[in-house]
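The values are calculated or read from the model by the stated rules, or taken from the named source; none is laboratory data. Since the model is a prediction, treat every value here as computed from it, not as a measurement. Backbone-built Cβ (ideal geometry, glycine too); neighbour counts: all protein chains shown. Side chains are part of the model used for accessible areas, which takes the heavy atoms of the whole protein and leaves out ligands, DNA and RNA. Shrake-Rupley method; radii C 1.70, N 1.55, O 1.52, S 1.80 Å.
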Amino acid sequence: MADAMDPPAFEGVVYQIYPRSFLDTSGDGIGDLAGISAKLDHLVWLGVDALWLSPIYRSPMADFGYDVADHTDVDPVFGTLADADALIAAAHERDLQVWLDYVPNHTSDQHPWFQASRSSRDDPKRDWYVWRDPAPDGGPPNNWRAAFAEAPAWTYDEATDQYYLHQFLPEQPDVNWANPQLREAMLDVLRFWKDRGIDGFRADVVHLIGKDPAYPDDPPEVAGVGRAGHHHLPEATAPHLRAIRETLELPPAAVMVGEINLPDAAQVATYVGEDLLHLAFQFSLIYSPWRAGYWRDIVGYVQREFDAVGAWPTWVLGNHDNSRVASRVGRAGAARAAMVGLVTLRGVPFLYAGDELGLEDAVIPPDRVVDPGGRDGERAPIPWDGSERHGWAGEPWLPWPPVPEIRNAAAQRADEGSMLHLTRRVLALRRAESSLRTGEQEVIDVADDVLAFRRTDDSGTHLVLINFLDEPTDAEVTGDWRIVLASDGAGEGGSYTGRLSPDQAVVLVTANG
Ligand code: NOJ
């Protein structure tokens, strides 16, 4: 087990790109790899360290790429392998890492592995997926339910008179990591992309890959609920994570963040460690109301539970599966304060592309809904400028988020008071100050509606205060402090007076520091 004081495997900031929605250069209205390459200088200007791309593999897109049909090729809507190589090279020239999404729990039903597996009970790849006989009444083998659909997690396949397991869509059959050949084939995917220069991976629902071989019914309290958020089997998953970790460590080495989509950060932390995952998402802040008390409890709890296993935490305020942070907190000022919190908390921050512009979810008219999981709003295209199509070559696949004529990258680059500049400034501060990257963290009590925490190392201390109210709040702290950054710009460079303006987050240093 790693010591809590060990340097983290990765201490930078990760920027999540949903490639379909980033920038279209080909004119088909779908973002592509060339669009990402075109914006690398902007991302360097912004100051992130790594780009995580949601899936770019060949896919029928039933779940927009989380249904992989070929792990070693790029889907034509995004470009070609040569475009991926060019993007990786151009990113590396700029000291940016490139991380890919790795989808280990399932493939597309169009994947040649599944096509072979379903072809006959005797096929050598039959056991690469999870096939079971019907229950005595002819129904599914157990009571598991699939995510997204009000339906069983099993689909009957007439040709071979068995059911196959899919914890997501029927188009996403679960693979069977207990089969050594499947496991090796999945590890080969990592080898393939590491050899192409990929620096890290985000592993999709990786806590689901270790299955209970008995496939027991879910207990009544969770029966009927999509399974991704419960009923995992850590002891069955750990050996696979060890094999993954060994593969990642072999040169060229890469890091991995696991999507451990479990509600309790203590459970999540058990998947991280020296021979397990480097990092794991914990989504507590996404699920938390914008209230100081909740944030305080979460920050303290996460810190305790991750320290207990010597693991480095992560912080996430948005992604392609959840309503955007600006929509959740409701006030632009609060979204700005939240960004300051995200970047200054101890752990690896993950920024969802567009949150640096304060984008809100798009309103999707019923006839434009395309996602089976109801997540189109947060996947709306990024507006790059104020022109008619906001820099996109074609009409985008989803409607724009609200007020793209104001909330676009060009307008905000021209406005030093914008959310974009704030994000850039707080990222620069984090980069410049080791205490904000790797320093210890202590949550302190200052006022009910304020989250306050200290970040300290040999170089000094920073104090972060976040006012969760849309009114001024007293937040006295002992000692003399100077404001180095304020989410609303107010008072920067001056002494801290003990009072925060509405929705204000500040980063303070000792006045003589
Ligand atoms: C989690 C991903 O983030 C989500 O977008 C996807 O639908 C499921 N896993 C299934 O792969």
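Would you point out the residue of the range 317-352, among those that are within 16 Å of the ligand (Cβ to nearest atom) and in a loop (DSSP other than H, G, I, E, B), that is surrounded by the most Cβ atoms within 10 Å (Cβ to Cβ)? Applying the filter and picking the extreme gives GLY318.
The residue of the range 353-372 that is nearest to ARG413 (Cα to Cα), among those that are among the charged types (D, E, K, R) and open to solvent by 40 Å² or more (accessible area, probe 1.4 Å), is GLU360. Candidates are the residues of the range 213-243 that are at pLDDT 90 or above and touching a strand residue (DSSP E or B) at 6+ places or on another chain (Cβ under 7 Å); the one that is least open to solvent (accessible area, probe 1.4 Å) is LEU241. Hey, can you tell me all the residues within the range 435-487 that are part of a strand (DSSP E or B), touching a Gly at 6+ places or on another chain (Cβ under 6 Å) and charged (D, E, K, R)? Result: ARG455, ASP457.
Applying the criterion of at least 1 residues that are away from the ligand (no atom under 14 Å from the Cβ) and more than 23 Å from HIS390 (Cβ to Cβ) to the helices (runs of 4 or more DSSP H) found wholly in the range 21-109 leaves 81-93.
Scanning the range 54-66 for residues that are closer than 30 Å to LEU429 by Cα and crowded, with 20+ Cβ neighbours inside 10 Å turns up at least one hit. Considering (1) farther than 26 Å from PRO349 by Cβ; (2) out of contact with any strand residue (DSSP E or B) (no Cβ under 9 Å at 6 or more places or on another chain); (3) in a loop (DSSP other than H, G, I, E, B); (4) open to solvent by 20 Å² or more (accessible area, probe 1.4 Å), the lone condition that GLY210 does not fulfil carries the number (4).
The condition (being surrounded by fewer than 20 Cβ atoms within 10 Å (Cβ to Cβ), hydroxyl-bearing (Ser, Thr, Tyr) and farther than 16 Å from VAL507 by Cα) is satisfied by just one residue among SER387, SER434: SER387.
Residue by residue through the range 261-312, note down the ones that are part of a helix (DSSP H, G or I), within 16 Å of the ligand (Cβ to nearest atom), under 26 Å from ALA334 (Cα atoms) and in contact with a Gly (Cβ under 9 Å, 6 or more places away or on another chain). ILE286, the sole residue that qualifies. Restricting attention to the range 149-161, does a residue exist that is hydrophobic (A, V, I, L, M, F, W, C), within 12 Å of the ligand (Cβ to nearest atom) and part of a helix (DSSP H, G or I)? No, the range 149-161 contains no residue that is hydrophobic (A, V, I, L, M, F, W, C), within 12 Å of the ligand (Cβ to nearest atom) and part of a helix (DSSP H, G or I).
For ASP122, the conditions (1) modelled with pLDDT of 95 or more; (2) within 16 Å of the ligand (Cβ to nearest atom); (3) surrounded by fewer than 16 Cβ atoms within 10 Å (Cβ to Cβ) are fulfilled apart from (2).
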